[in-house]
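Just below is one structure, and these are the notes that go with it.
Read-outs: derived from the displayed coordinates by stated rules, not from any lab. Computed from a predicted structure; not experimentally measured. Neighbour counts are summed over all protein chains in view; Cβ atoms, including those assigned to glycine, are modelled from backbone coordinates with ideal geometry.
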């Protein structure tokens, strides 16, 4: 326990600590208001050291987005077993998504709220991740439709719209779960499956919702 | 046709034109990058006139948010007939929502993308609207649950989560519809009803989605 005085911390460890401090500061203060002073203080290092390792606030923010994006996608991906029934894959993916966003609230705030709206190139960094997730969900829905019908009646555009709706719902629920006392990741995932999959399931059995009159 | 030269335009009309120009500029450039010069030029008036009517960029942005928020909420509210079955109310509300966001893409971009993320007091201006919409959807879902069960088994928190999911899905679909060639407001509303309501309907009949195994 406790490194001997003067013992150098490995660069990679030190860098992760700075990024932890940066992610939290960006999430709490916003990208523009966050200062390198504040980040250095929270990380317990000098400001020149932060600049030495991470060059500029822009590069630091980009590095934070990429790290948070990678760990989130990896968490979801590793939870899913390809070849399982589509609803099982979605359930596993959603549980992993809500668990990760609950455990990394600052990372989620950086990705969902900060990065998307600070203009380019930051917005693009997150858009890449979102497109990847929408593409994955689109595939899952198309696959599920194939499981049910040999000749799926769900048009490509309809599937794309359903995937957008599902991802939008998941994003909103992650924000809600992180700001509502006592909502667990499993509850959030269950709510979304109830909301979405039971409905998608009907749709794929050829039982869409029909307008009144 | 054509006002006589020198005839003054009523202040209210002139103000709306400036705000139209401002909403478009904020949507396209973002709040920080948008300049009062650009807004004045697009509105076809002098920059001092913009300042004379609307004081500062902050006040102009706030006025834009409030105008767009009011017209959106009014469009949705006036489409709904209280007392109709809950799914009919939701269908009417969603069609009005997607029609309005399609007809006012700059207004939607200001509300959804720009205002939420420029810190206070702007974020609060939009949060008020979102809370109002979530509260309305929460009531609708609770009402629908009462229509089905006398003693509704949907816990209050579950209903709140479902409303968040529905609103998040609608937000994402509005962005998608506005950026995808050929998607109509009616298609977006139908997709969301299929996605959400058929699922909610099952849930309320006591037929939730059940996890595999």
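Taken residue by residue and averaged, Cβ atoms of other chains lying within 10 Å of the Cβ of B:180-192 number 3.
A Förster radius of 22 Å, combined with the Cβ-Cβ distance separating residue B:124 from residue A:28, puts the computed FRET efficiency at roughly 0.85. Subtracting the Cα-Cα distance of residue B:17 and residue B:81 from 0.36 nm times their residue separation leaves 19.8 nm of extension gain. Ascending distances from the residue B:56 label point to its copies in the other chains, with the point 7 Å along the Cα-to-beta-carbon line: 2.9 nm. Using 1/(1 + (r/R0)^6) with R0 = 45 angstrom and r between the beta carbons of residue B:41 and residue A:157, what's the FRET efficiency to the nearest 0.05? Efficiency for this residue pair is about 0.75.
Taking a ≥ b ≥ c as the square roots of the Cα gyration tensor eigenvalues, with a/c under 1.5 meaning rounded and otherwise prolate when a/b beats b/c, else oblate, which class fits the stretch B:47-159? Since a/c reaches 1.5 and a/b is larger than b/c, the shape of the stretch B:47-159 is classed as prolate. The percentage of C-alpha pairs in the stretch B:34-87 whose separation is greater than 17 Å is 53%. Between residue B:139 and residue B:52, the contour length at 0.36 nm per residue exceeds the Cα-Cα span by 27.0 nm. Pair-distance distribution P(r) for the stretch B:3-69, from all Cα-Cα distances in 5 Å bins starting at 0: 3, 18, 32, 26, 12, 5, 3, 0 percent.
Spacing of the modelled spin labels on residue B:132 and residue B:181, each 7 Å from Cα toward Cβ, amounts to 3.7 nm.
For residue A:59 and residue B:8, the FRET efficiency from 1/(1 + (r/R0)^6), where r spans their Cβ atoms and R0 equals 45 Å, is about 0.25.
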